[in-house]
Structure formats: C-alpha cells, structure tokens
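First up is the structure itself, then whatever we jot down about it.
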Amino acid sequence: MRSDANIAGPMTDPVPGPRTESLGEGVSRETPPPMDDTPIGRSAQLAVEALGRAGEGLPRPDRTRVMVVANQKGGVGKTTTTVNLAASLALHGARVLVVDLDPQGNASTALGIDHHADVPSIYDVLVDSRPLSEVVQPVRDVEGLFCAPATIDLAGAEIELVSLVARESRLQRAIQAYEQPLDYILIDCPPSLGLLTVNALVAGAEVLIPIQCEYYALEGLGQLLRNVDLVRGHLNPELHVSTILLTMYDGRTRLASQVAEEVRTHFGKEVLRTSIPRSVRISEAPSYGQTVLTYDPGSSGSLSYLEAAREIALRGVGVHYESQHAHTSNQNNRQNISEGMQ
Ligand SMILES: Nc1ncnc2c1ncn2[C@@H]1O[C@H](COP(=O)(O)OP(=O)(O)OP(=O)(O)O)[C@@H](O)[C@H]1O
Ligand SMILES: [Mg+2]
C-alpha cells in the first residue's frame, strides 16, 4: 500500500525543525509545525476534525476531474493553491495527482518530492512519451496524494515541443493512458500562456483561476479567457472555467474587499465563496517541503483550503453554496471580461 511507499520514499529524513508535542487533544491555532515522530498525516487529519466534519467524507466525482490551475500573471498563488487544495482533497478521502507543469518545480518542492535533474519527470512524459506512471511519486504523509514532478529540463520543453507531433495534446494522451484510479488531477501551470499551459488546457476539462486580491488583479485575465475559448473551439470542447479562487485575501484592507467584489461581479457563480486569507503559515510551509495542511493543520490557511476543497467537491456533484451575488451566465461574463480587460 501507499504507506509503505511513503516510508521508503526519497524524502524520509525528518524535516529539520523544533520537536513538538503531540497534537492529541484538538488542534491548536498557529502551532509550531508538527515534526518527527508525530505522523504528520495524523496531525493533518486533526485539521479535518477541527472543521467538525470528521468522517463525513465528501462525494467523489464519477470520473476523474482534471483541473488546470492557470493564470499567466506570476505569484498569484497558483502553486500554493494546487498543492494545498490537492492535499485537502486527499485528506477528505480523495485520490489526487498533482502534475507539476512549471519548470520552477515549486509544486514538487512544496510536496517534498525529489526533483533534481536526474529524476524521471513530466519532461520525459511530454518530450519522450514516457508513461506517466513511471514518473509519479507518492507524497509522504498525505495518504492518497501523488505528484508528477517537474525538473529544470522542462524549461527547454516549450521549444522542444514545437517540432513534435501532436505538440498540444501530449499531456492529454499521457493522462488518458494513465490507468491508476484518481478522483482529481490538478495541473500547476507556469506563469505564461505557452505550449506547456496549452498542453494543460487540452488535457483538462476545468480551469481553476486563482486571483490575488491586489491591484491589477484582473489584468491579463481577458487574454487567458480568450485562450481558453480558443482551445475549447479547436482542441478541447469540454474546457470551461469552472472555478475562481480569491487568494491572499486580507480582510483588513478595503482594497481586498473591492477586488473581491469586482471579481464576483465579473464571474458570478464560478467564484468560490471561500477565499484564502493571507497567512504566514501558508508561505512558510513550502520551505519544509510540506503543505500547510501538514505544516500547521489548525491554522487559518489550512482550514480555508480544506473548506475550498469541500466547496469544489460539492460543486462537482451539483451542490452549490447559496451565492450572495446575482449571477449572470458564464458566457456573458466571459464576453464582458474579454471586452473589458485587454
Ligand atoms: N495565502 C497566502 N498567504 C501568504 N502568502 C502566500 C499565500 N499564497 C501564496 N503565498 C506566497 O506568495 C508567493 C507566490 O505564491 P505561488 O508560488 O503559489 O504563486 P504562483 O502563481 O504559483 O507563482 P508563479 O507564477 O511564479 O508560478 C509564494 O511565496 C507563496 O508562499
Ligand atoms: Mg507557481
């Protein structure tokens, strides 16, 4: 089973850091990171319990939901969202694969996955047609979570792909040939709209756009949405923007609530009601090779990602939170936003 693979995995050394007490009784807020002999997964499980929904479980999709986490703007929280949502969904009982499609390899790092130059990686899958199953690694401490890592080789793939057959659909083919049962595949895209992102858009049915609650949050989104439309028109008729997630939300600032309001007005029901707060714990976790779910299970960042995952899982089976905002159709929103934002 997975746990064996985890124990024998490449990152078995305890993460350096302070030894902490067991989190046995409930979960403390903003606690020191759980380490060493306290199984991290157990701590994270406590976070699920902290939500008061232990054992409730979440509906699993009938077929694998492939979600493309994209926004060509840099630093908006794509990777943070990919890894933390993936871990949250896994902690809710789903089987989840993260595909790291960014040469920076940040998602691989955050999941504690070895991705030095010799590690079989998504580059081999895209450029050399290596089966995805040969590069997927289990993520330690989170049952049901897997990662296809990115190495620095991927930086050359944008160019190498150009001359290859079916250059836009190589990831799609690899995913279709992957036989392991999965509930979700989350693809972390680089901050560009090149061939790597196009491969993700062809492989997935859903686009998840993280939007940072900052100035210029919507800048460039029109271009992303036009690309989504182009790919839907020519290569992948199922593709649609299913989810918008507001990240780094700082409720103390008027700017954050203005941006949130503007995004909700533009997109309506695609916007998750849960937004992700700005949280030091979220930004610290990757340097320990962990998600915030295992790094500080009881923190506000951890709980908000668990809640966002719950919302996504429920939407997948047609259950929507009641929205506070008037909805217009997806098509109209897209039209407006394409016109309004160049
Ligand atoms: N909710 C949050 N609170 C605090 N810091 C955050 C939060 N979300 C992300 N960050 C930090 O913001 C930075 C950018 O986040 P992240 O790497 O996820 O963005 P990205 O969109 O993947 O970036 P890139 O475009 O370079 O791939 C990181 O240092 C991350 O730790
Ligand atoms: Mg990133």
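None of the figures in this text is laboratory data; all of them are computed from the coordinates on show. The structure presented is a predicted model; accordingly, all values stated were derived computationally and were not measured. Backbone-built Cβ (ideal geometry, glycine too); neighbour counts: all protein chains shown.
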Problem - Yes/no for residue 182 being in contact (Cβ under 8 Å) with a residue 40 or more places away in the chain and within 16 Å of ligand 1 (Cβ to nearest atom) - result: no
Handout entry: Qualifying positions in the range 95-112 - surrounded by 24 or more Cβ atoms within 10 Å (Cβ to Cβ) and away from ligand 1 (no atom under 16 Å from the Cβ)
Key = 96, 97
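Of everything in the range 131-155, what is free of Cβ contacts under 8 Å to residues at least 24 places away in the same chain and over 20 Å from the mean Cα position of the chain (by Cα)? Give them in sequence order. Quick ask: steps written out before the conclusion?
Residues of the range 131-155 free of Cβ contacts under 8 Å to residues at least 24 places away in the same chain: 134-135.
Scanning the range 131-155 gives a single hit, 134.
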Completion exercise
Taking the range 185-203 and the residues there that are touching a strand residue (DSSP E or B) at 6+ places or on another chain (Cβ under 8 Å) and among the small types (Gly, Ala, Ser), the one that is farthest from ligand 1 (Cβ to nearest atom) would be 203
Practice task
Could you check, for the range 204-217, whether at least one of its residues is within 13 Å of residue 68 (Cα to Cα), of a type in the set (Gly, Ala, Ser) and more than 16 Å from ligand 1 (Cβ to nearest atom)?
Solution key: yes
Handout entry: Residue that is farthest from the chain's Cα centre (by Cα), among those in the range 275-309 that are surrounded by fewer than 23 Cβ atoms within 10 Å (Cβ to Cβ), closer than 18 Å to residue 141 by Cα and within 16 Å of ligand 2 (Cβ to nearest atom)
Key = 287
Exercise for the section: State all residues of the range 84-102 that are more than 10 Å from ligand 2 (Cβ to nearest atom), outside any helix (DSSP H, G or I) and within 17 Å of residue 68 (Cα to Cα); if no residue qualifies, say none. Expected result: 95, 96, 97, 98, 99
Fill in the blank from the handout: In the range 80-93, residues that are near ligand 1 (Cβ under 8 Å from one of its atoms) and either under 15 Å from residue 279 (Cα atoms) or touching a His at 6+ places or on another chain (Cβ under 6 Å) (or both) total 2
